[in-house]
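The values are calculated or read from the model by the stated rules, or taken from the named source; none is laboratory data. Because the structure is predicted, anything quoted here is derived from the model rather than measured. So basically every Cβ, Gly included, is an ideal-geometry build from the backbone, and we count neighbours across all protein chains shown. Ligands, DNA and RNA are excluded from the accessible area calculation, which covers all protein heavy atoms including side chains. Shrake-Rupley method; radii C 1.70, N 1.55, O 1.52, S 1.80 Å.
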Amino acid sequence: MNDREKILHYLEQNARLTAKNIADALDLEEAEVSRIIASAEADGTLRGYHALVNWDKTDREHTCAVIEIKVHIRHGEGFESVAKRICAYDEVQDLYLMSGGYDLMVVLEGKTLRDVARFVGEKLAVIDGVTGTATHFVLTKYKDKGVMMDESPSDHRLMSEI
């Protein structure tokens with residue numbers, strides 16, 4: 001793994017790390033780490049910084065669903081035209097092109113099960129090219145983005161060797 005990939009890995013594990021934290025961990029100059037981060041932001045490799053929230057520990061009413069989508073694409077078009085329409089909705093957290101029985105997979109956040117059902121019926125199913133969906137509701141998140149959701153965070157995992 002090269003220095004750029006190591007730096008990106010550290011940021012992926014903990015976006016709150018400073019260039020100095022990463023430089024110290026990798027035995028690099030802070031200015032070089034800052035330059036690599038700026039370059040990754042500029043070329044679109046580094047797309048954003050996020051906090052991972054365990055919403056089950058709050059009073060927020062919330063549900064998460066995984067929706068598999070079958071798509072019939074027109075001649076000369078790929079999945080991108082359908083994917084772009086789906087991505088435009090704020091409720092959509094993630095969208096993937098998949099292999100297997102379904103073509104696309106959406107991870108959707110909603111306030112209630114009814115909100116998710118309404119989204120599928122009124123917004124998703126009516127998109128030209130969508131021929132079928134299968135909705136799965138997330139009951140419990142045990143691990144999300146590599147982090148156990150029922151444990152307190154610990155610093156030893158965040159700065160471990162790559």
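Val66 fulfils the conditions (1) more than 16 Å from the chain's Cα centre (by Cα); (2) surrounded by 13 or more Cβ atoms within 10 Å (Cβ to Cβ); (3) closer than 20 Å to Thr135 by Cβ; (4) of a type outside the set (Lys, Arg) except for a single criterion, (1). With respect to the conditions (1) modelled with pLDDT under 95; (2) within 18 Å of the chain's Cα centre (by Cα), Lys111 falls short on a single one, namely (2).
May I ask you to list the residues in the range 1-33 that are in a helix (DSSP H, G or I) and hydrophobic (A, V, I, L, M, F, W, C)? Within the range 1-33, Ile7, Leu8, Leu11, Ala19, Ile22, Ala23, Ala25, Leu26, Ala31, Val33 meet the criteria. Restricting attention to the range 36-53, the residues being surrounded by 14 or more Cβ atoms within 10 Å (Cβ to Cβ) and not small (Gly, Ala, Ser) number 3. Residues that are out of contact with any Phe, Trp or Tyr (no Cβ under 7 Å at 6 or more places or on another chain) and closer than 24 Å to Phe79 by Cβ were ranked within the range 101-115; the one that is surrounded by the most Cβ atoms within 10 Å (Cβ to Cβ) is Val106. Of all the criteria given as (1) assigned to a loop (DSSP other than H, G, I, E, B); (2) touching a strand residue (DSSP E or B) at 6+ places or on another chain (Cβ under 7 Å); (3) more than 13 Å from Thr135 (Cβ to Cβ), the one not satisfied by Tyr102 is (3). If you check Glu61, Glu80 for being open to solvent by 60 Å² or more (accessible area, probe 1.4 Å), free of Cβ contacts under 8 Å to residues at least 24 places away in the same chain and not aromatic (Phe, Trp, Tyr), only one passes: Glu80.
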